[in-house]
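Structure in structure tokens, see below.
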Amino acid sequence: MSSDPISLTVGISIIAALLLFHAMIILCNTAYSNVSLNRVLIPNSASKDKKGTLVEKILQKPFRCRYTNRIVNYACIIAGSVIVLFMPCRIYIALPIYIAVLLIFGELFPRKLAIQHSDIIVYKFSGFQNFILILFYPLVIISKFFADIVLKIFRQNTKIEMNRFSEEDVMSMLEAGQKSGDIKEEGKKMINSIFEFDDELAYEIMTPRTDVFLIDLNDSADEYIDQLMELRYSRIPVCEGESDNIIGILHIKDYLIKAREDGFENVDIKSILRKPYLVPETKNIDSLFFELQKERQHIAILIDEYGGFSGIVTMEDIIEEVMGEIDDEYDEEEFSLNKVDDSTYIINGKANLDDLNEELNIKLESDNSETLGGFLIDLLGEIPTEDETNRVIKFKNFEFTILSVKDRRIENIKMNILPEQEEDIEDEEQ
């Protein structure tokens, strides 16, 4: 603390002025970003007066506008922090209060306001924004000069794309566009998916090995031909002995051509297999997508850290991450929810917990499972057998009855939502 501190009244007055200035900059920055991307038109009269012309002039320099505003924001925050340090009050009380007020009134409130009224704000504050651009232009030029020197030292490109927007800017603009009705909910979801595309890993969207239909090279055609025709898959992984030993991909068109020549029972599958495309399960799906395109592959075999087969990812799986679910006439409905009464439902074991929670406005969460069937297996601590139908599991105010089990998977469940009450997890036989 300085021996000659700023008086409390003067300090608070300066900080209030800095916060107001900071809030106005945030207001302008967010509003101009929204208008730039969504092409929100200002009132027709504005385009004929000086303010309308000024708005268009500012919008033509988005990088300079954002860069200048950020420099001013940082300057306000630093100046306010220094003032707090020199005020005659306890720093551990004053600083948290300053930060809280800054976040609420200097950041969150003006951002929300700008998102909701961006087209009005750019018009009303055009003079203020232009004044800031002119006043701090020398500082922007100096800071850019030194930034370019640093970039050259590290051999980076110093030419900045003037119309480039950050992910945060785009997301703010999407929210504004949706609220104004310019962007539909489906469009927003698709753009959100594009931003999340490079963050997702292959194992997050894969079909797990337990759900993958495999052909064992050691099996006779009689053991799989009926299921092969029923499932109507175009490409099928083939193993030899163990499921971890994937030796190739069978293209059904190759199989049918060979079967027509030699007969189904005489087809030598091994001779017509295509080489499997093996990738680690931790691969980013954006990289995987372009690799599959380049290699002209439609299916990737995922390998875990121990070298075992963990699942498959198809081109359709990756595209669905952006476009949403793509169903054809052969796809089965996995999320099957049949309402018996207001509190009782018959549900498929493959139903996704997030989808179920959203559909019924309930809260079932699991760190280990994504499906309702997996969630119940976690509660049981064991895999139920096929003769354990009508087994009841109670969890909080939910009562689950296992209706059918097949291939070590819970297929169908009856869920009864009981009145809210605290109950321990119970497992009993009916």
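The values are calculated or read from the model by the stated rules, or taken from the named source; none is laboratory data. This is a predicted model, so every value here is computed, not measured. As a convention, Cβ positions derive from the backbone with ideal geometry for all residues, glycine included, and neighbour counts pool all protein chains shown.
Is it fair to say R274 is in contact with a His (Cβ under 7 Å, 6 or more places away or on another chain) and modelled with pLDDT of 85 or more?
yes
For the stretch 294-331, give me each residue that is modelled with pLDDT under 90 and surrounded by 11 or more Cβ atoms within 10 Å (Cβ to Cβ).
Passing the criteria: E316, D317, I318, I319, E320, E321, V322, M323, G324.
Now a separate question. What pairs come out if I take residues in the stretch 242-265 that are over 29 Å from G308 (Cβ atoms) and among the aliphatic types (A, V, I, L, M) and pair them with residues that are surrounded by 15 or more Cβ atoms within 10 Å (Cβ to Cβ) and modelled with pLDDT under 90 whose C-beta lies under 6 Å away, six or more apart or interchain?
A259/V267
Where in the stretch 192-281 are the helices (runs of 4 or more DSSP H), entirely inside, with at least 1 residues that are of a type in the set (G, A, S)?
202-205, 252-262
Let's see how each residue does on (1) touching a helix residue (DSSP H, G or I) at 6+ places or on another chain (Cβ under 6 Å); (2) touching a residue at least 40 places away in the same chain (Cβ under 8 Å):
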| position | (1), (2) |
| --- | --- |
| I104 | no, no |
| L108 | no, no |
| I115 | yes, yes |
| I121 | yes, yes |
| G127 | no, yes |
| L135 | no, no |
| V140 | yes, yes |
| F145 | no, no |
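Answer with yes or no whether N69 is within 30 Å of the chain's Cα centre (by Cα), under 14 Å from N130 (Cβ atoms) and part of a helix (DSSP H, G or I).
yes
Follow-up question, since we're still on this one. Counting only residues that are in a helix (DSSP H, G or I) and at pLDDT below 75, how many does the stretch 33-49 have?
9
Taking P138 as meeting all but one of (1) in a loop (DSSP other than H, G, I, E, B); (2) at pLDDT 70 or above, write down the number of the exception.
Among (1) in a loop (DSSP other than H, G, I, E, B); (2) at pLDDT 70 or above, P138 violates only (1).
Among the candidates I104, I115, I97, which residue alone is farther than 19 Å from R64 by Cα, within 34 Å of the chain's Cα centre (by Cα) and surrounded by 14 or more Cβ atoms within 10 Å (Cβ to Cβ)?
After applying the criteria, what remains is I115.
Right, I272: in contact with a Lys or Arg (Cβ under 6 Å, 6 or more places away or on another chain) and free of Cβ contacts under 8 Å to residues at least 40 places away in the same chain or not?
Against the criterion (in contact with a Lys or Arg (Cβ under 6 Å, 6 or more places away or on another chain) and free of Cβ contacts under 8 Å to residues at least 40 places away in the same chain), I272 qualifies.
Okay, next question. Within the group L403, L376, L372, L360, which residue is at pLDDT 85 or above, hydrophobic (A, V, I, L, M, F, W, C), closer than 30 Å to S234 by Cα and surrounded by 15 or more Cβ atoms within 10 Å (Cβ to Cβ)?
Matching residue, one of L403, L376, L372, L360: L372.
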